[in-house]
Amino acid sequence: MINCRKETVKLLNRTFAQDAYSNILLDNVFAENEISAQDRKFITTLYYGVVERKITLDYIISFYSTKGINKLDTTILNILRTGLYQIKYMDSVPDNAAVNESVKLARNFRLASASGFVNAVLRRFIRDGAQFKEPSDVREKMSVMYSVDTKIADLICKGYGEKFTEIFLARSLEKTPVYLRRNSIMCDEDAFIKGMGNIKVTPENNIPMCYRADSGNLLYTDSFKKGYFHVQDISSQFSCMALAPKPGETVLDMCAAPGGKTFTIAQLMNGTGVVHAFDIHSHRVKLIEDGAKRLGLENIKATVGDASVHNSEYDGADKILCDVPCSGIGVIRKKPEIRYKTPDDFKELPCLQYKILENASKYLKPGGELVYSTCTLNRSENDDVIDRFLKENEDFEGVPFLQDYGEPFGGYKVTLGSDSFNSDGFFISKIRRKR
């Protein structure tokens, strides 16, 4: 029988030591062990919770520990993090159970000498009502309350203001909504809803074919097996809608894997024309091919290709989606490791992004349109890239899009993340080749 708390601490030790992706490590543990559904849920909640709230938890530990964070044994530190998370954020776990199990863990890891220390820190926190004093500095407060590096909080604030940042960061700690894109080529709404079984789906914000799904295993539904939908965030759907591909056109998706945008583009074209979807890695190209096959989208041609290197075979495209590699700040609620990055970790990205955009633009025919997008909130990767391109390429102009949806749409670029759509943080810009 697996010890859920011990397995979680072992996972955390590896996650923070290896700077590894949490979802991959967790999937490996589940694949290698027989774990009940209840235990999987507990491990998942505790593990992701600690990864997501690490800065907050460490701030609390620093108040109650007689030793500095950096001087604590890694395993003891992660035992404290899991104990505090259960006390502060898991109502299903009684405080005494959280403390007692944490003390047992220290002994289980053969660190019995630290068991009294673990007990003392956790019980002091409980005696204070499981509350802590917030920092007075605005940026530090954002960092602690929303568990994000101060430099990331500062970057978003400088780019978009404190109000935007507060809304976005607060939302990043909420349960991530799951949005689906119905495949209108394969089904109508009635068939789609019927095929979802016990999973409730609700049409979202008057966005055609977009639905919000309640919890449940989507992969087991008849609708998934029959190709009636694919999972895609609202922001990502907006980027495809901004591109507005028409039936019969030739469209390029420059950085396509795993294929969500490619699939929506192909559906907007009613399965006609052709969507050339590129990725630099063959195994990711296969993800696109498999998804297209499940969804019955025969107008997709997935190919290994480097988005930064020109291939004249594809010249003369009608539309191009250029969803470039980025720092991912806009999706921290899905990828919590990004919370602990700093701007230095992705300072080289704008050069690559500009190179991809510049190459992509060469494929467009006169009058053709291109959408540049990222899932980040960093003006250096967003506005600065597209504005530099327009300044250096007089043959191109900005094109307003999705005006019918009101604010924040209406211009040739938009930043999502604090709007009413509850989307990821996302940047979209549309340009046209004049001649």
Measure nothing but the geometry: give the 0 to 90° angle between the long axis through the Cα atoms of 282-295 and the longest principal axis through the Cα atoms of the chain, rounded to 10°.
70 degrees
Any aspartates and glutamates whose Cα falls less than 20 Å from that of residue 347, other than same-chain ones fewer than 8 residues away, would be 19, 149, 154, 323, 337, 358, 381, 383, 384, 387
Any idea what Rg and Dmax come out to for segment 217-360 if you just take the C-alpha atoms, in Å?
15.8, 45
Reach of residue 10 by Cα under 16 Å, taken over lysines that are not fewer than 8 positions away in the same chain
54, 104
Segment 60-192, dipole about Cα centre (Lys/Arg Cβ +1, Asp/Glu Cβ -1), debye to the nearest 20
680 debye
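Could you compute the net charge surrounding residue 106? Neighbours are other residues with a C-beta less than 12 Å from the C-beta of residue 106; K and R count +1, D and E count -1.
Details: positive: 5, 6, 104, 107, 110; negative: 73, 101.
Every neighbour counted, the sum reads +3.
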Considering only Cα-Cα distances, which of the following residue pairs are longer than 23 Å: 67/151; 6/88; 293/335; 88/341; 41/335; 261/335?
67/151; 293/335; 88/341
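Give the shape of segment 176-219 as rounded, prolate or oblate, defined through the alpha-carbon gyration tensor: a ≥ b ≥ c are the square roots of its eigenvalues, a/c under 1.5 means rounded, and otherwise the shape is prolate if a/b is larger than b/c and oblate if not.
Numbers: a/c = 1.83, a/b = 1.11, b/c = 1.64.
Oblate shape, in that a/c is at least 1.5 and b/c is the bigger or equal ratio.
If you place +1 on the Cβ of every Lys and Arg and -1 on the Cβ of every Asp and Glu, how big does the dipole about the Cα centre of segment 11-66 come out, in debye to the nearest 20? Could the numbers behind the result be given before it?
On the way: 5 positive and 7 negative charges, 35 e Å.
Result for segment 11-66 is approximately 160 debye, rounded to the nearest 20.
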Per the Cauchy relation, a quarter of the hull surface: what is the mean projected area of the convex hull of the alpha carbons in segment 218-301, in nm²?
5.1 nm²
Length-normalised contact order of the chain, Cα under 8 Å, at least 6 apart, in percent, tallies to 12 percent
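Could you give the size of the charge dipole of the chain about its Cα centre, using +1 on the Cβ of each K and R and -1 on the Cβ of each D and E, expressed in debye and rounded to the nearest 20? Working shown, then result.
Working: 59 positive and 57 negative charges, 262 e Å.
So the dipole magnitude of the chain works out to roughly 1260 debye.
How would you rank 422-428, 350-356, 380-386, 361-367, highest first, on the average number of other Cβ atoms within 10 Å across their residues? Can you show the working numbers first?
Values: 422-428: 25.0, 350-356: 18.4, 380-386: 21.1, 361-367: 15.9.
Going by the mean number of other Cβ atoms within 10 Å, highest first, we get 422-428, 380-386, 350-356, 361-367.
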Evaluate the Debye formula for segment 328-435 with equal point scatterers sitting on the alpha carbons, no solvent, and hand back log10 of I(q)/I(0) at q = 0.12, 0.18 Å⁻¹, in q order, two decimals.
-0.44, -0.93
One-quarter of the Cα convex hull surface for segment 348-397, in nm²?
3.4 nm²
Under 4 °C and 1.567 mPa s, how fast does segment 131-176 diffuse according to Stokes-Einstein, given a Kirkwood radius computed over C-alpha pairs? Answer in µm²/s, whole number.
121 µm²/s
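What number do you get for segment 91-166 when its Cα radius of gyration is normalised by 2.2 N^0.38 Å, N = residues? The partial results should precede the final answer.
Numbers: Rg = 17.7 Å, N = 76, 2.2 N^0.38 = 11.4 Å.
Scaled against compact globular proteins, the figure is 1.55.
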Kindly report the accessible area of segment 1-149 per residue (heavy atoms of protein chains, probe 1.4 Å, no ligands, DNA or RNA), in Å².
51 Å²
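Sort the following peptides by mean Cβ neighbour count (other Cβ atoms within 10 Å, averaged over residues), highest first: 139-147, 92-100.
Peptide ranking by packing, descending: 139-147, 92-100.
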Heavy atoms only, probe 1.4 Å: what % of the accessible area of segment 330-395 goes to carbon and sulfur, would you let me know?
47 percent
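Given the C-alpha atoms of segment 118-261, compute the convex hull and give its volume per residue in Å³. Present the calculation step by step, with values, prior to reporting the outcome.
Values: hull volume 30.1 nm³, N = 144.
So the per-residue hull volume is 209 Å³.
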With no solvent and one point per C-alpha, what does the Debye sum give as log10 I(q)/I(0) for segment 52-132 at q = 0.12 Å⁻¹?
-0.28
Above 13 angstrom, tally the Cα pairs of segment 254-316 and express them as a % of all pairs, no decimals.
57 percent
Peptide ranges 242-251, 123-132 listed from the most packed, as the mean C-beta count within 10 angstrom indicates:
242-251, 123-132
Taking the alpha-carbon distance from residue 175 and a cut-off under 16 Å, which aspartates and glutamates remain once sequence neighbours fewer than 8 residues away in the same chain are dropped?
52, 91, 214, 233, 424
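Taking the Cβ of residue 424 as the centre, find all other residues whose Cβ is under 15 Å away and add up their charges (Lys, Arg: +1; Asp, Glu: -1). Numbers along the way, then the final one.
Values: positive: 171, 175, 181, 212, 261, 333, 334, 335, 339; negative: 174, 204, 233, 323, 381, 419.
Local net charge: +3.
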Rounded to two decimals, what is Rg over Rh for segment 8-82 when you use alpha-carbon atoms and the Kirkwood radius?
1.00
In Å and from the alpha-carbon atoms only, list the Rg and Dmax of segment 26-172.
16.7, 49
For q = 0.08, 0.09, 0.10, 0.11 Å⁻¹, Debye-computed log10 I/I(0) when each Cα of the chain counts as one equal scatterer
-0.52, -0.64, -0.78, -0.92
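The values are calculated or read from the model by the stated rules, or taken from the named source; none is laboratory data. This is a predicted model, so every value here is computed, not measured. Positions of Cβ are generated from backbone atoms using ideal geometry, with glycine treated the same way; all protein chains shown enter the neighbour counts. To get the accessible areas, we keep the full protein, side chains included, count just its heavy atoms, and leave off ligands, DNA and RNA. Shrake-Rupley method; radii C 1.70, N 1.55, O 1.52, S 1.80 Å.
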